[in-house]
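J.: Before anything else, here's the structure in question.
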């Protein structure tokens, strides 16, 4: 597979960081990698810039690809359907698919970061997960590892499986500095038992990106291996 989709159990669960870490790992394996975000809300290329920073790249290098990296850049920090409505814009599915396929033909890997959770709408009728299904993208789920993770994760997995989208595996992200360790550990155990999904690993609470990347290496290796077996 030449592409993967990164979704999460909610908004602000660490998808952007995970996307950048995966892209950096693939780059260090010798591949020409690019990231993409179909709907960027809240500012100009915020998440793409974060991906590139983690990868050790500068946005200027990819200047000619900007319109493909983010087919829709919207100012208001909200769900794409609302942000587009406020600007009087119409989000077209075909524009997203064409942008994705363009990058797919230019790079070895395209890593797509989703916006919000898996059921985020981009207009009054359609959900972003429908595009994931049409493009047949294997998916990595980023789990906000905290109290409430079990319900959010099971719902996310059920939605993805209902649409027969391949789930490569889960990454648990410890977002809260002093969360109870018993809760964090049990979340992983019970979710694995109930879903039987591949658990790639756990990202610790860590603000230093270089330290975090070193802790991510084993996770990156597992994701890379899972993709090779697709």
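J.: So which residues in region 178-211 are in a helix (DSSP H, G or I) and in contact with a helix residue (DSSP H, G or I) (Cβ under 7 Å, 6 or more places away or on another chain)?
T.: Hits for region 178-211 are 187, 190, 191, 194, 195, 209.
J.: Of the residues that sit in region 191-217 and are more than 19 Å from residue 181 (Cβ to Cβ) and in contact with a strand residue (DSSP E or B) (Cβ under 6 Å, 6 or more places away or on another chain), which one is surrounded by the fewest Cβ atoms within 10 Å (Cβ to Cβ)?
T.: Restricting to residues being more than 19 Å from residue 181 (Cβ to Cβ) and in contact with a strand residue (DSSP E or B) (Cβ under 6 Å, 6 or more places away or on another chain), the top hit is 198.
J.: I would also like to ask the following. Could you check how many residues of region 92-111 are under 21 Å from residue 224 (Cβ atoms) and more than 17 Å from the chain's Cα centre (by Cα)? Talk me through it step by step, then tell me what you get.
T.: To start, the set of residues in region 92-111 that are under 21 Å from residue 224 (Cβ atoms) comprises 100, 103-104, 106-111.
Subset that is more than 17 Å from the chain's Cα centre (by Cα): 106-108.
Qualifying residue count, region 92-111: 3.
J.: Related question: Taking the condition buried (at least 20 other Cβ atoms within 10 Å of the Cβ), assigned to a helix (DSSP H, G or I) and touching a strand residue (DSSP E or B) at 6+ places or on another chain (Cβ under 7 Å), does residue 112 pass?
T.: no
J.: For residue 140, only one of the following conditions fails: (1) in contact with a strand residue (DSSP E or B) (Cβ under 7 Å, 6 or more places away or on another chain); (2) part of a helix (DSSP H, G or I); (3) within 26 Å of residue 221 (Cα to Cα). What is its number?
T.: Just one mismatch for residue 140, condition (2).
J.: Take residue 91 and tell me if it is more than 16 Å from residue 16 (Cβ to Cβ), in contact with a strand residue (DSSP E or B) (Cβ under 9 Å, 6 or more places away or on another chain), modelled with pLDDT of 95 or more and part of a loop (DSSP other than H, G, I, E, B).
T.: Spelling it out, residue 91 is indeed more than 16 Å from residue 16 (Cβ to Cβ), in contact with a strand residue (DSSP E or B) (Cβ under 9 Å, 6 or more places away or on another chain), modelled with pLDDT of 95 or more and part of a loop (DSSP other than H, G, I, E, B).
Residue by residue, here is whether (1) over 22 Å from residue 82 (Cα atoms); (2) at pLDDT 95 or above; (3) part of a helix (DSSP H, G or I) holds:
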{"site": "24", "(1), (2), (3)": "yes, yes, yes"}
{"site": "34", "(1), (2), (3)": "yes, yes, no"}
{"site": "44", "(1), (2), (3)": "no, no, no"}
{"site": "54", "(1), (2), (3)": "yes, yes, yes"}
{"site": "60", "(1), (2), (3)": "yes, no, yes"}
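J.: Still on this structure, please answer the following. Could you give me the residue pairs with C-beta distances under 6 Å whose first residue belongs to region 101-128 and is on the phi > 0 side of the Ramachandran plot, whose second residue is crowded, with 24+ Cβ neighbours inside 10 Å and at pLDDT below 95 wherever it lies, and which are 6+ apart or on separate chains?
T.: Close Cβ pairs (under 6 Å, with a partner that is crowded, with 24+ Cβ neighbours inside 10 Å and at pLDDT below 95) do not exist here.
J.: Name the residues in region 156-177 that are under 22 Å from residue 2 (Cα atoms), touching a residue at least 12 places away in the same chain (Cβ under 8 Å) and out of contact with any helix residue (DSSP H, G or I) (no Cβ under 8 Å at 6 or more places or on another chain), would you?
T.: 166
J.: Now a separate question. Could you give me the residue pairs with C-beta distances under 9 Å whose first residue belongs to region 200-222 and is free of Cβ contacts under 8 Å to residues at least 24 places away in the same chain, whose second residue is assigned to a helix (DSSP H, G or I) wherever it lies, and which are 6+ apart or on separate chains?
T.: 206/212; 206/215
The values are calculated or read from the model by the stated rules, or taken from the named source; none is laboratory data. The model shown is predicted, which means the values in this text are computed figures rather than measured ones. Here Cβ is always computed from backbone atoms with ideal geometry, including for glycine, and neighbour counts include all displayed protein chains.
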